[in-house]
Amino acid sequence: MDPNVRPDDMQRINTPELASTFIEEQVAAIREQVGDGKVLLALSGGVDSSVVAALLIKAIGKNLVCVHVNHGLMRKGESEQVIDVFENQMDANLVYVDATDRFLNLLAGVDEPEAKRKIIGGEFIRVFEEEARKVGDEVDFLAQGTIYPDIIESDGVKAHHNVGGLPDDLQFDLVEPVKLLYKDEVREVGRALGLPESMVERQPFPGPGLGVRCLGAITRDRLEALREADAIVREEMEAANVGAWQYFAVVPDMRATGVRDGVRAYEWRPSSAPSTPWTS
């Protein structure tokens with residue numbers, strides 16, 4: 001049986017009791033796979049990686065090293081929230097890496113969405129390899145918040161950084177305890193693990209972050225405008241309490257014709273640009 005294919009007779013996890021049973025089974029499976037080894041977890045702070053973190057903390061405690069990489073493509077305040085929840089509240093073994101410049105330099109001039117995904121996914125792994133060496137003791141395992149839709153979509157729809165974006169020379173064995181679950185099942189498991197509701201119900205956010213919501217080539221000013229716009233959209237939608245499952249902002253790949261300093265200009269003008277006279 002293919003371990004990456006969900007069995008047809010697999011029962012959906014839609015009750016606290018089924019979630020608790022799943023947790024017991026996965027804790028045992030993790031302990032059997034990992035033993036006394038150390039595990040690096042790609043902790044974005046989203047639902048999937050957060051649930052995996054809680055499972056691993058329950059199974060192996062401080063032998064889990066949670067690595068949060070700020071690739072400069074996070075939503076506003078996201079990295080700060082990850083640090084608060086996991087380091088301050090959950091006492092996780094958390095490593096914070098600010099790799100903003102590193103990622104944005106690699107993405108400079110890249111406008112094709114799949115190319116962005118491959119670059120971001122590959123660089124994530126490189127960062128983890130570096131952090132593994134810094135841990136000191138040998139790290140053999142990489143944990144990921146892969147879920148079943150990631151596997152399905154990576155077969156011809158879109159490459160997910162944790163599936164299609166993995167390099168061929170990966171140095172770790174993978175630990176993916178929720179890879180056969182759908183998003184609603186992962187949320188149920190998160191509740192049973194005692195994660196805060198605000199985290200369990202967090203909106204889906206792509207691994208490449210705002211990189212795939214900034215259409216066309218990424219620039220720092222476009223990215224910052226998108227970050228602010230996304231924060232405003234989410235704030236207003238939450239205040240309106242419309243009950244939408246997901247909502248976010250996108251910066252389109254478009255420019256406008258205008259006049260700057262008396263010369264015709266055809267460009268994208270961010271809200272943060274200097275107040276140079278501009279007319280269309």
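The values are calculated or read from the model by the stated rules, or taken from the named source; none is laboratory data. Quick caveat: nothing in here was measured; it's all calculated off a predicted structure. Cβ coordinates were reconstructed from backbone atoms using ideal geometry, including for glycine residues, and neighbour counts include every protein chain displayed.
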Flagged in region 249-270 as at pLDDT below 85 and within 27 Å of the chain's Cα centre (by Cα), in numbering order, are D253, M254, P270
Inside region 9-31, the number of residues satisfying the requirement of being surrounded by fewer than 20 Cβ atoms within 10 Å (Cβ to Cβ), aliphatic (A, V, I, L, M) and part of a loop (DSSP other than H, G, I, E, B) is 1
With the first residue restricted to region 32-45 and required to be on the phi < 0 side of the Ramachandran plot and surrounded by fewer than 23 Cβ atoms within 10 Å (Cβ to Cβ), and the second required to be in a loop (DSSP other than H, G, I, E, B) and modelled with pLDDT under 90, Cβ contacts under 6 Å at 6 or more apart or on different chains are K38/D137
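Counting only residues that are among the acidic types (D, E) and in a loop (DSSP other than H, G, I, E, B), which one in region 120-176 is modelled with the highest pLDDT? Reasoning before the result, please.
Residues of region 120-176 among the acidic types (D, E): 123, 129-131, 137-138, 140, 150, 153, 155, 168-169, 173, 176.
With in a loop (DSSP other than H, G, I, E, B) added as a condition, the list becomes 137-138, 155, 168-169, 176.
Working: D137: 65, E138: 72, D155: 60, D168: 64, D169: 64, E176: 95.
The qualifying residue modelled with the highest pLDDT is E176.
Being among the hydrophobic types (A, V, I, L, M, F, W, C), out of contact with any strand residue (DSSP E or B) (no Cβ under 7 Å at 6 or more places or on another chain) and assigned to a loop (DSSP other than H, G, I, E, B) is the filter; apply it to region 184-222 and report the residue that is surrounded by the fewest Cβ atoms within 10 Å (Cβ to Cβ). Give the steps one after another, and end with the answer.
First, pick out the residues of region 184-222 that are among the hydrophobic types (A, V, I, L, M, F, W, C): 186, 189, 192-193, 195, 199-200, 205, 210, 212, 214-215, 217-218.
Cutting the leftovers down to out of contact with any strand residue (DSSP E or B) (no Cβ under 7 Å at 6 or more places or on another chain) gives us 186, 189, 192-193, 195, 199-200, 205, 210, 212, 217-218.
If we keep only those that are assigned to a loop (DSSP other than H, G, I, E, B) too, we end up with 193, 195, 205, 217-218.
On the way: L193: 18, L195: 21, F205: 21, A217: 14, I218: 23.
Step by step, filter region 184-222, then rank; the result is A217.
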Here the residues within region 62-84 that are closer than 14 Å to F205 by Cβ and assigned to a helix (DSSP H, G or I) are E78, S79, Q81, V82
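Being assigned to a loop (DSSP other than H, G, I, E, B), surrounded by 12 or more Cβ atoms within 10 Å (Cβ to Cβ), without any contact (Cβ under 8 Å) to a residue 40 or more places away in the chain and not β-branched (V, I, T) is the filter here, so list the residues in region 238-261 that pass it.
A249, R255
With the requirement that a residue be under 18 Å from the mean Cα position of the chain (by Cα) and free of Cβ contacts under 8 Å to residues at least 24 places away in the same chain, what does region 107-125 give you? Show your work before the answer.
So the first thing to find is which residues in region 107-125 are under 18 Å from the mean Cα position of the chain (by Cα), and the list is 107, 113-125.
Across region 107-125, the qualifying residues are A115, I119.
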| message | Looking for something in contact with a Lys or Arg (Cβ under 8 Å, 6 or more places away or on another chain), among the β-branched types (V, I, T) and within 22 Å of E123 (Cβ to Cβ) - is there at least one such residue anywhere in region 246-264? | response | yes
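Of everything in region 85-119, what is in a loop (DSSP other than H, G, I, E, B) and either of a type in the set (S, T, Y) or under 17 Å from C214 (Cβ atoms) (or both)? Give them in sequence order.
If we filter region 85-119 for residues that are in a loop (DSSP other than H, G, I, E, B), which is where we start, we get 90-93, 99, 108-112.
Those that are in a loop (DSSP other than H, G, I, E, B) and either of a type in the set (S, T, Y) or under 17 Å from C214 (Cβ atoms) (or both): A108, G109, V110, D111, E112.
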